[in-house]
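Report on the following structure.
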Amino acid sequence: MNSHLVVASTLLVAAAAAQAPAWTQLGGPAVTVSGTGALTRAPAGVGSVGVAWHDYVSGSTFAFGNPGWSIATTGTGPNGLMFAAMAGHQYAAVSFGGLTGTGMFSNLADGLSLAGGFATWGPAPSGPPARMMHSMTAVGTSYIVLFGGFDGANALNDVWTYSFFTSTWTPRVPTGLQPPPRTFASLSEGAGGTVVLFGGVDGSNQIVGDTWQLTFTFLSPTWAQIGGVAPSPRASAGMAWDPVRKVAVLQGGQVATGSLSDTWELRNDSGAPLWRSAITS
């Protein structure tokens, strides 16, 4: 996604530069969308930022390029959903789950093909049980990792992967101490193809601030908790991997009293992941 991290549909980017990172608001034509949607990467040739926003209310998908937002697809994607999740890379994305307009939990998946600079939605294979408020992230161009959520009775902490090569879901059973079940967690690719999990709302409806790293090995993935200084507890924070600076960047989030606006980086300079406050506002 070039040298930028994108965290909101009112597009802000944290530039990857030698000096301290700083947020910049991007201009250009705007579009009106609902607050229920998800960001993913857009085709490599679309704009200088390369992100797409899918509106789960209207079913329309929007791409951000030069000079601003434009409609990529109109009403052809998954719609009428709340608390679904989407993840992808510059060629494809997958949306999964959510709460339907009739109050049912969905276990349906939809695929967004971004090949050739065109956005096309179609059905994708289902796999994980129905849920909402779960977290998803792409790891490179190989696969998606899905974690947790809520199935209507309990918060979850299961792990599934979706292969872009075989278009199949696989349940994973990580070894090691497991993160407690939760919803609204932040999930991102991390250093060396790992996956980073932060915060969310646990099964007791408490906002948490723990950090976990999922490492994929030949036999099975392994969870490990990351200690030390960390962002304050929060839910629904934006988090994404910056491939240029090789850091996971976390921004904002929700707490009981409102919204946060601080920015943190999870760095691996010393060979072990460590949080560092990057930008405050």
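The values are calculated or read from the model by the stated rules, or taken from the named source; none is laboratory data. A quick note: this is a predicted structure, and the numbers were derived from the prediction, not measured. Please note: Cβ atoms are built from the backbone with ideal geometry, for glycine as well, and neighbour counts cover all protein chains shown. Calculation scope for accessible area: heavy atoms of the full protein, side chains included, ligands and nucleic acids excluded. Shrake-Rupley method; radii C 1.70, N 1.55, O 1.52, S 1.80 Å.
The condition of being modelled with pLDDT of 70 or more, in contact with a strand residue (DSSP E or B) (Cβ under 8 Å, 6 or more places away or on another chain), open to solvent by less than 50 Å² (accessible area, probe 1.4 Å) and farther than 21 Å from Met239 by Cβ holds for only one of Gly80, Gly37, that being Gly80. Go through the residues of the stretch 125-133 one by one and say whether even a single one is assigned to a loop (DSSP other than H, G, I, E, B), more than 19 Å from Tyr56 (Cα to Cα) and modelled with pLDDT of 95 or more. Within the stretch 125-133 (the criterion being assigned to a loop (DSSP other than H, G, I, E, B), more than 19 Å from Tyr56 (Cα to Cα) and modelled with pLDDT of 95 or more), the answer is yes, since at least one residue qualifies. Considering every residue within the stretch 190-208, establish whether at least one is more than 24 Å from Gly97 (Cβ to Cβ) and open to solvent by 60 Å² or more (accessible area, probe 1.4 Å). So far as the stretch 190-208 goes, yes, one or more of its residues are more than 24 Å from Gly97 (Cβ to Cβ) and open to solvent by 60 Å² or more (accessible area, probe 1.4 Å).
Yes/no matrix, rows are residues, columns are (1) open to solvent by 50 Å² or more (accessible area, probe 1.4 Å); (2) within 23 Å of Thr100 (Cα to Cα); (3) touching a helix residue (DSSP H, G or I) at 6+ places or on another chain (Cβ under 7 Å); (4) touching a residue at least 60 places away in the same chain (Cβ under 8 Å):
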position	(1), (2), (3), (4)
Arg131	no, yes, no, no
Ser135	no, yes, no, yes
Ser142	no, no, no, no
Ser163	no, no, no, no
Thr166	yes, no, no, no
Thr170	yes, no, no, no
Val173	yes, no, no, no
Arg182	no, yes, no, no
Ala185	no, yes, no, no
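If you go through the stretch 237-252 and keep only what is open to solvent by 10 Å² or more (accessible area, probe 1.4 Å) and touching a Leu at 6+ places or on another chain (Cβ under 6 Å), you end up with Ala237, Met239, Ala240.
Looking only at residues of the stretch 221-236 that are farther than 22 Å from Gly271 by Cα and out of contact with any Phe, Trp or Tyr (no Cβ under 7 Å at 6 or more places or on another chain), we find that the one that is least open to solvent (accessible area, probe 1.4 Å) is Arg234.
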